[in-house]
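All remarks here apply to the structure that follows.
What follows draws every value from the coordinates through simple rules; no lab data is involved. All of these numbers come straight from a predicted model, not from anything done at the bench. Don't worry about glycine lacking a Cβ; one is built from the backbone with ideal geometry, like all the others, and counts go over all protein chains shown.
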2 protein chains.
Amino acid sequence: MGSDSTLTAQKRTSTVLPTTIAAAANGGARGRANSILPRGRQNQRTFNNIKITMLCLFVTILVLRGTIGLGNLAPTEADSENQLLIEETNRILAEIRSDKDANDPDDQSEELFNPNITYSLGPKISSWDADRRTWLRKNPQFPNYVDKKARILLVTGSPPNPCDNAIGDHYLLKGIKNKIDYCRIHGIEIVYNMAHLDMEMAGYWAKLPLIRRLMLSHPEVEWIWWMDSDALFTDMTFEIPLSKYNDFNLVIHGYPDLLFDQKSWIALNTGSFLFRNCQWSLDLLDAWAPMGPKGPIREEAGKILTANLKGRPAFEADDQSALIYLLISKRDEWMSKVFVENTSYLHGYWAALVDRYEEMMEKSHPGLGDERWPFVTHFVGCKPCGSYGDYPVERCLKSMERAFNFADNQVLKLYGFRHRGLVSPNIKRIRNESVTPLVNVDQFDIRHSLHESSVSKTL
Amino acid sequence: MGSDSTLTAQKRTSTVLPTTIAAAANGGARGRANSILPRGRQNQRTFNNIKITMLCLFVTILVLRGTIGLGNLAPTEADSENQLLIEETNRILAEIRSDKDANDPDDQSEELFNPNITYSLGPKISSWDADRRTWLRKNPQFPNYVDKKARILLVTGSPPNPCDNAIGDHYLLKGIKNKIDYCRIHGIEIVYNMAHLDMEMAGYWAKLPLIRRLMLSHPEVEWIWWMDSDALFTDMTFEIPLSKYNDFNLVIHGYPDLLFDQKSWIALNTGSFLFRNCQWSLDLLDAWAPMGPKGPIREEAGKILTANLKGRPAFEADDQSALIYLLISKRDEWMSKVFVENTSYLHGYWAALVDRYEEMMEKSHPGLGDERWPFVTHFVGCKPCGSYGDYPVERCLKSMERAFNFADNQVLKLYGFRHRGLVSPNIKRIRNESVTPLVNVDQFDIRHSLHESSVSKTL
């Protein structure tokens, strides 16, 4: 899901920035067909073998650390049990990974390809607005607006199996903890998906069938908010300005000039966007989906997209390019209901933000949601769960750790704590325990300030 | 947190079941001081070395798999980049892990020990009920009851750093996904904690300062529900029967006869329990905490608990034994407000349940919450995030996978899917896509049946 969708993003960024960093440039090339092979392979190989040995050493030390840490064991016994663990873990890991889906396109995408059938997300639904309206009238206990606030369902997810890169799961965990915090503060429901609903739409296309399914299964939800697993909320106070979007059905971060003047393939970012639960959205999904089916269709569509979108490298069709292409080629049909957001960072490009957090903490404050204090920091081009990305893994992980802690400090404030530093998982007190804790609640609970501001607005 | 608290549990279970499985028995012994050393160490060592080599091979293959899977790279280039990844991952992993808290008791618990000071969770608060009542009156926008339903905050968490056992993070992720699903369906808020609020109370004691802090920071919450990270909801329909608990302040799973007749150290389980947000709970936390501080205090307290509780092995004081000891020794002072639940499985012991899921699916249905369809399945004695547990890791992981999918099937039903099997992360359709999806919503959305039942109750 998110981690997949960054595959798009990688190439995007490699065109955005002049990739001065060797590794990044290398990575940028990586994704493309015309990749340059490195020199001095023989030496490289020897070097690699040394590195493999380093890894083994590292892993062994790691696992040993855990057991030795317990102290009350004779080392050799620890040793033997610790090896028992390793063996068992390998077995279960292998078992879970080997459990391939019979229809897994990775195995047999060809079989799925039938040129005589145009792909569809499901049987055509044409009376959704009327049907949903009737349902809402019949089910007053499930209103789509509560206290005049539209009901929002945030949707994110990750692959069903463990990450190829083990530490990836740790950052998926931090990613969802970050979303749980934002959504608790702002009264948003969450669906975390770990399943492949439609094998043909695997990878970064998986969000389409998922969003459609959730619209149809949650008629009480007014907005479906898709967010990649590698996007973090970094402004816990900023509330999505829904009133701005009253007359629109799709809200997505981007730049109209890049979209229509330059036809750039990075004019919009599909890492974080909102769909209104309505017929229009179902129709857009239907128009968006046909380039998605894995295999020949996606490959051929990729060529069309590369030929028509500025800066797009040659690779299979991705959901973002397909949406941009659709909106450019059928502008009159769709754009009237699309809100292209760029005043607040519904998507914020991490590489331009993570190094400025200290400066923001010094000069600015949460609640602005823009370059002064980004609403979302999206790790475009990092694939923490995948096995490679467009940037050095170390830089990605360190930056994600910084973004997570930058956001977490805003949550911990209510409890009187903050992280020791932006790369430190450890926290320290910023207030002593008080005998009048409710004073701190009134002062530091983000929801209170939100409520007051919303009240003052309505007055 | 949860993973830590299972340290208690491990030893517990080793006394519950006659551990016929060699590994388990071995594991049971492991925790205790008088552990028997294995025979034929020399051969064992050689065997271990072979296993280490196997692990290295496995890891290397794993990482290579990821890169090779991408296809469009020359093997040698893939190799080199893949090694780059490994090297970088190790560096960042090492950096994050090495970032030890200055006050980390693992390093300097001795320093923290001062026999002249009795530990407390914070300054004594004595007027909480009145203060909270006043606050609630002043803040009608944050009611502790919504539609006559008490506001519940589910609290869970895991350590700040990546798991020692890499796959542990994947099961922490599945654990929180499972809780997100249950809490969305039942309108419960979630706090996922990844920080050490109080270094003295590290490990399975960490829940005490956390619960206290959350009570004082969330006066609008009526119940704080602690749940270990290794406990999964396995009945998505069953709703916690709060009306039963109207006159009580602590709800915990256990058996009165085990508690007062046998003084058994497994009479209660602290893996899943509810505290009412009130003065009584703050007082109980104060009375519960003194045995917690890491180091000599916890060690000495452990001896008292082992001497007084039936079946308790010799090890440092744990939160569960301490609570049992407190309730036994000060029964008249506390028990009148403690509800010992055992009709529904607020905590259900996994080893007795996971192999019966198929039978339950055949003969029973969700919503019962007891042995016919357990509300919670708790992986007592498994330490997926730690480096060893009381049971073979393979059995633990496979059983957790089964429990997760057993629960996930109840969530996926609304969307028309189910897992291919209880150990399969992959899903299959159970209904074709419909042109009248709202019929399925009325039929399969758990919240609808819940609402109807609650309405019929009130009539």
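Please list the non-local residues whose amide H lies under 5 Å from the amide H of residue A:193, H modeled 1.01 Å from N, same-chain partners needing a gap of 5 or more.
Sorted by chain and number, the residues that satisfy this are A:156, A:157, A:158.
Describe numerically, in nm with one decimal, the distance between label points set 7 Å from Cα along Cα→Cβ at residue B:337 and at residue A:137.
Modelled inter-label distance: 5.1 nm.
How would A:354, A:393 line up from fewest to most surrounding beta-carbon atoms within 10 angstrom?
Fewest-to-most ranking of A:354, A:393: A:354, A:393.
Give me the inter-chain shielding for B:426-434: mean count of other chain Cβ atoms within 10 Å, whole number please.
Per-residue shielding by partner chains comes out at 4.
In region B:321-393, what trypsin sites (Lys or Arg not before Pro) fall in a loop by DSSP, with at most 13 other Cβ atoms inside 10 Å?
B:330
Using 20 Å as the Cα-Cα cut-off, could you pick out the over-long pairs in A:179/B:148; B:207/B:383; B:179/B:383; B:179/B:207; A:244/A:413?
Pairs exceeding the cut-off: A:179/B:148; A:244/A:413.
Using a cut-off of 11 Å between beta-carbons, work out the net charge of the residues near residue A:220 (Lys and Arg +1, Asp and Glu -1, residue A:220 not included).
Summing Lys and Arg as +1 and Asp and Glu as -1 gives 0.
How far is the Cα center of region A:138-176 from the Cα center of region B:310-339, in Å?
Value for the Cα centre distance between the two parts: 38 Å.
Dipole size in debye (nearest 20) for region A:155-233 around its Cα centre, Lys and Arg Cβ +1, Asp and Glu Cβ -1?
Roughly 140 debye for region A:155-233.
Would you mind classifying region A:339-459 by shape? Square roots of the alpha carbon gyration tensor eigenvalues, ordered a ≥ b ≥ c; an a/c under 1.5 is rounded, otherwise it is prolate if a/b is larger than b/c and oblate if not.
oblate
Averaged over peptide B:176-182, how many Cβ atoms belonging to another chain are found within 10 Å of each residue's Cβ?
Rounded to a whole number, the mean comes out at 4.
Skipping prolines and chain starts, which residues have an amide H placed within reach, meaning under 5 Å, of the one on residue B:339, given they are 5 or more residues away or on another chain?
B:249, B:250, B:251, B:252
Using unit Cβ charges (K, R positive; D, E negative) and no other charged atoms, how large, in debye to the nearest 20, is the dipole of region A:276-376 about its Cα centre?
260
Provide the three semi-axes, in whole Å and in decreasing order, of the ellipsoid equivalent to region A:136-236 as defined by the square roots of 5 times the Cα gyration tensor eigenvalues.
So the equivalent ellipsoid measures 26, 18, 9 Å along its semi-axes.
Binning every alpha carbon pair distance of region A:226-352 at 10 Å from zero, what are the percents per bin?
12, 42, 36, 10, 0
Would you please give the FRET efficiency between residue B:355 and residue A:355, computed as 1/(1 + (r/R0)^6) with r the Cβ-Cβ distance and R0 = 56 Å, to the nearest 0.05?
0.60
Shielding of B:440-448 by partners, i.e. mean partner chain Cβ atoms within 10 Å per residue?
Partner Cβ neighbours, averaged per residue: 3.
Tell me, what HN-Hα J-couplings in whole Hz come from the Karplus equation 6.51 cos²θ - 1.76 cosθ + 1.60 at θ = phi - 60° for each residue of region B:431-446, using x for Gly and Pro?
9, 6, 4, 10, 8, 10, x, 5, 4, 5, 4, 4, 7, 10, 6, 3
Can you give the three extents of the C-alpha atoms in region B:390-454 along their principal axes, from longest to shortest, in whole Å?
47, 31, 8
What ³J(HN,Hα) values, in whole Hz, does the Karplus curve 6.51 cos²θ - 1.76 cosθ + 1.60 give for region B:390-399 when θ = phi - 60°, with x put for Gly and Pro?
Working through the residues one at a time gives 8, 10, x, 3, 4, 5, 4, 5, 4, 5 Hz.
What size of dipole, in debye to the nearest 20, comes out for region B:385-431 about its Cα centre when the only charges are +1 on Lys and Arg C-beta atoms and -1 on Asp and Glu C-beta atoms?
Computed about the Cα centre, the dipole is about 460 debye.
Which listed residue (B:185, B:152, B:141) has the Cα farthest towards the positive end of the charge dipole for region B:133-212, taking +1 on Lys and Arg C-beta and -1 on Asp and Glu C-beta about the Cα centre?
Positive-most Cα among the choices belongs to B:141.
Would you grab the residues whose amide H sits under 5 Å from the one on residue B:369? Only those 5+ places off in sequence or on another chain, please, with H modelled 1.01 Å from N.
So residue B:369 has HN proximity to B:375.
Residue by residue through region B:162-167, what is 3J(HN,Hα) from phi via Karplus (6.51 cos²θ - 1.76 cosθ + 1.60, θ = phi - 60°)? Round to whole Hz and write x for glycine and proline.
So the J values, rounded to whole Hz, are x, 5, 5, 8, 3, 5.
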